[in-house]
Amino acid sequence: MNIGSVRDDALYMDELSQKNSPIHRLDPRAKIIASVFFIFTVLSFNRYEIFALISFFAFPVFLLVSAELPVWYLMKKVIIISPVVILIAIFNPIFDREAIFVLAGTEISAGWVSFLSILIRFFLTAGSVLILLACTGFYEVCMALERMRVPPIFVMQLLFLYRYIFVLLDEGSRMVRAHALRSFSDKHMGMKTFGSMLGNLLLRTVDRAERINCAMLARGFAGSVTMHRRIKFRASDVLFVALWPVLFILMRKYNFSGLIGNLLLVIVK
Amino acid sequence: MHMSDALVSPAVGGTLWVITSALLWYCSRKLKGVLDSIRVPLMGVLGAFIFAAQMINFSIPGTGSSGHLTGGLLLAIILGPHAAFIVISSVLVVQALFFADGGILALGCNIFNMGVFPVFIAYPLIFRKMVSEHHSKSRIVAGAIIASVVGLQLGAFSVVIETLLSGISSLPFSTFVLLMQPVHLAIGIVEGFVTAAVVIFVWNARPEILGGLKPANSGALSMKKFLAVFVVAAVVIGGAFSWFASNNPDGLEWAIYRTSGSELEAPERNLYSPLAVLQDKTAIMPDYSISKTSGEKETVWPDINSETTIAGLVGSLLTLVLTFLVSLTLRWKLKPSK
């Protein structure tokens with residue numbers, strides 16, 4: 001990941017959260033609560049669970065579709081970070097060799113089952129986190145956190161960090177582009193160049209921070225940020241928070257995929 | 001060193017969530033009233049700085065592995081432990097939300113592993129003890145290296161323990177530890193050197209900026225002087241980074257890659273068994289086969305025969321198709337009428 005792509009990425013995620021869909025209009029607290037509930041339920045399965053997890057795709061897919069989010073883009077983001085998990089998960093087939101599965105005459109070891117389970121968990125949880133942000137937005141998340149009694153100092157830090165990250169990444173990617181244009185796209189930046197670039201970047205950012213600080217003081221900053229946008233818990237939010245967790249509990253208790261499969265087999269027979 | 005949601009169990013993740021939330025609350029209370037106006041944007045800038053620095057990997061000489069600056073110790077030395085903990089936590093929250101680096105449930109683990117050890121153990125118990133009385137160059141270097149190494153060793157060990165207790169991965173304790181600790185020893189030494197270089201520079205030019213180095217509560221920071229000092233520090237770090245910068249895998253990934261590449265011994269699964277039994281007992285439908293009466297036998301493994309396997313496969317496929325169809329209908333229904 002280079003600085004430019006990280007910046008574009010963060011900016012695009014921000015852009016996605018500005019959309020106006022029924023999901024975007026929901027109270028951020030409702031979405032956070034449902035997502036956290038979702039993640040907890042998914043991760044509460046034992047490590048050899050595969051089929052029951054499949055029905056949980058309903059939640060991210062529902063959000064993806066009704067919030068009109070770019071499926072492939074978010075999928076790519078999840079795939080990009082997947083090596084970290086795969087590199088740990090790959091040990092399960094190595095250390096866990098007992099056969100528990102017989103599929104078309106071939107024995108499948110417990111390790112491969114848990115490996116697949118980890119991959120599904122990973123896609124569900126990482127995907128739902130990205131979807132949560134893409135259909136909520138960071139400011140709204142902060143607003144929700146403030147309402148959910150997270151210490152105001154921490155919320156303020158999140159807001160400031162978020163603002164400065166964009167400033168820093170924005171300036172940085174411009175500098176990297178300028179360097180690339182002047183060096184025939186030489187990817188190996190010299191030590192001197194890199195050092196002065198990062199130094200300059202910090203100089204500009206701190207410079208800006210000082211200006212913002214002055215501006216804040218001039219506008220009567222008294223140590224806390226007041227967020228003016230109001231969030232309100234409406235009937236649709238109540239419905240969202242009530243229905244999804246209930247569905248998660250049902251999907252946790254009853255293996256929907258298994259039920260459907262058995263039903264189909266019975267009908268076929 | 002970021003742990004992922006997929007490898008954490010709710011019990012482990014939840015416990016660390018509670019611990020880190022309590023710590024965040026405690027730090028916020030400690031900062032209340034002490035926070036001057038310049039410190040608010042300063043914490044933000046430093047968070048962004050660490051965020052950018054963490055994206056750059058440096059290679060560890062002679063191993064082919066690489067790691068990134070976690071910056072915890074550096075933040076503690078500049079801001080003091082309480083503000084530093086808040087900054088580190090905020091960086092991890094942004095990484096988790098925007099890049100799914102880590103995860104929601106694993107956030108507690110990640111804040112604990114990368115925040116608590118450098119800020120509340122390595123900094124006050126090692127760095128400060130070694131440096132606070134005599135501010136000599138060698139003491140700062142030694143203090144930073146030892147503190148970084150201890151902080152990262154504890155963090156890496158904590159990753160191993162949390163992964164093990166979660167019981168999702170089958171990695172044996174000894175293999176995991178033997179690969180995590182040496183890799184993070186190397187990362188810690190490099191991190192110590194880089195941290196020391198910045199600290200010494202700042203100490204020579206503007207010692208009062210290092211708020212965490214001595215207890216004196218100096219007045220508002222001079223932004224201009226801070227800026228001048230930090231730019232040079234950034235150049236020093238930048239120089240070091242460009243030397244180390246590489247596309248090699250992260251230390252954690254490398255450790256695991258190395259293990260998978262080497263010869264492995266017989267599988268051992270006993271660590272997971274108690275948890276599995278517990279989960280099996282609490283599960284309402286431990287068996288996939290719904291036609292059978294449940295509770296025939298209590299085994300660690302879900303009892304699966306080929307019929308239930310096929311049922312599961314067919315059902316899963318059908319569920320996915322159904323989900324897809326319902327979503328399509330939803331999309332069509334939700335389309336705003338123009």
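Where a number appears in this text, it was derived from the coordinates with a stated rule and is not lab data. Please read all numbers here as calculations on a predicted model, not as lab measurements. Cβ: placed from backbone, ideal geometry, glycine included. Neighbour counts: every protein chain shown.
Data for the structure
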read-out: Relative exposure of B:Arg128, A:Arg147, judged by other C-beta atoms within 10 Å (fewest first); value: A:Arg147, B:Arg128
read-out: Modelled FRET efficiency - R0 35 Å, B:Ser132 with A:Met75, Cβ distances, 0.05 increments; value: 0.10
read-out: Among A:69-79, A:248-258, the order from most to least packed when residues are scored by Cβ within 10 Å on average; value: A:248-258, A:69-79
read-out: Peptide-level mean, for B:21-29, of C-beta atoms on other protein chains within 10 Å; value: 3
read-out: For segment A:82-136 versus segment A:235-262, the gap between their alpha-carbon centres in whole angstrom; value: 22
read-out: Average beta-carbon neighbours from other chains, 10 Å sphere, peptide A:17-27; value: 1
read-out: DSSP H segments from chain A that extend 15 Å or more along their own axis, Cα-based, with Kyte-Doolittle mean of 0.5 or above; value: A:28-43, A:71-89, A:110-134, A:152-182, A:235-253, A:256-268
read-out: Members of B:Lys30/B:Lys129; B:Lys32/B:Lys137; A:Lys31/A:Lys253; B:Lys30/B:Lys137; A:Lys31/B:Lys30 lying beyond 25 Å, as alpha-carbon distances in this model show; value: B:Lys32/B:Lys137; B:Lys30/B:Lys137; A:Lys31/B:Lys30
read-out: Label point at B:Ala11 placed 7 Å out along Cα→Cβ; residues across segment A:39-53 whose backbone nitrogen lies under 18 Å; value: A:40-49
read-out: Charge context of A:Arg163, other residues only, Cβ under 12 angstrom, K/R +1, D/E -1; value: -1
read-out: Where labels lie 7 Å past Cα in the beta-carbon direction, separation of A:Tyr254 and A:Leu119 in nm; value: 3.0
read-out: Theoretical gain in end-to-end length, A:Val238 to A:Ile267 [0.36 nm per residue, Cα-Cα removed]; value: 6.6 nm
read-out: GluC sites (Glu not before Pro) restricted to segment B:107-200 and DSSP loop, no more than 15 other C-beta within 10 Å; value: B:Glu133
read-out: Label-point gap, in nm, between B:Leu125 and B:Ile189 - each point 7 angstrom along Cα→Cβ; value: 2.3
read-out: Highest-MSF residue in chain A out of A:Asp27, A:Asp237, A:Asp96 [GNM, Cα springs under 10 Å]; value: A:Asp96
read-out: Shielding by partners, peptide A:120-130 (average Cβ within 10 angstrom, other chains); value: 5
read-out: Residues A:Trp244, B:Trp25 arranged by fewest to most Cβ contacts within 10 Å; value: B:Trp25, A:Trp244
